[in-house]
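Data block below; observations after.
Just so it is clear, none of the values below were taken in a lab; they were calculated from the coordinates. Given the structure is predicted, the values throughout are model-derived calculations rather than measurements. Heads up, the Cβs are rebuilt from the backbone with ideal geometry, glycines too, and the neighbour counts pull from every protein chain shown.
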Amino acid sequence: MKRYLVLIPIIFLLLASCQSQSVDAPVAAPTEAPLPTATLAPTSLPESTETPLPVAEIDPSLFGSVNTADAPVGFMLEPVAQFIFEAELQKRVDAGEIGAFQVEGLSIVPRGDGTFYAEIFYALQADAAFWPEDFGTPGDDGWVRGKCTRFDFESTEEAFFLKNKKVCS
């Protein structure tokens, strides 16, 4: 009982010290000044002598990419290729081109010249219009199964790329 009697004043002291540290300063209401209105007379602008900035050209062979900072981390390259592929197909789902997709298998294969290619097996749920890319067999359930796409899998210090889309042989 004596312990509780000692703890109660200590608790009150702690509460009082916490409350005394929080001081609410009055907040001044912002004042709005009316904006000046002006009437501009039509004028002709001088001809620009500057050359326009070049527009970054989009590589037509590029299917998709991911920055190395955003890529799945690990020693395997398959999750990186799957991440890029799924992000690009999700864009097609969002655009309404396809209903859904499912990656069924994926492999990264080395070539003799030290480069890699990715083979991705997948299924699509297509609406009334059959999505013909990469062949596949349409099912009664609206899914097109047995689709396979091959990409060149490239990387730099900044990013990973799936390029040069081809149908698997």
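Would you please put 141-149, 71-79 in order of how densely packed they are, using the mean number of other Cβ atoms within 10 angstrom per residue and starting with the highest?
On the way: 141-149: 16.3, 71-79: 12.7.
Listed from highest to lowest mean packing, they are 141-149, 71-79.
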> If you count, for each residue, the other Cβ atoms within 10 Å and average over each peptide, how do 156-163, 110-117 line up from highest to lowest?
Replying inline: 156-163, 110-117
> Looking only at region 63-79, which residues have a backbone nitrogen under 19 Å from a spot 7 Å from the Cα of residue 158 in the C-beta direction?
Replying inline: 63-72
> Given C-alpha coordinates of region 62-167, what is the ratio Rg to Rh with the Kirkwood estimate of Rh?
Replying inline: 0.99
> Ranked by Cβ crowding within 10 angstrom, fewest neighbours first, how are 137, 68 ordered?
Replying inline: 137, 68
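Remind me, relative contact order of region 77-169 in percent, using alpha carbon pairs under 8 angstrom and six or more residues apart? Show your work: numbers first, answer last.
Details: 168 pairs, mean separation 22.1, N = 93.
Reported relative contact order: 24 percent.
Pop the C-beta distance of residue 61 and residue 140 into the FRET formula with R0 = 45 Å and round what comes out to the nearest 0.05.
Working: r = 36 Å, r/R0 = 0.80.
Working from the Cβ atoms, E equals 0.80.
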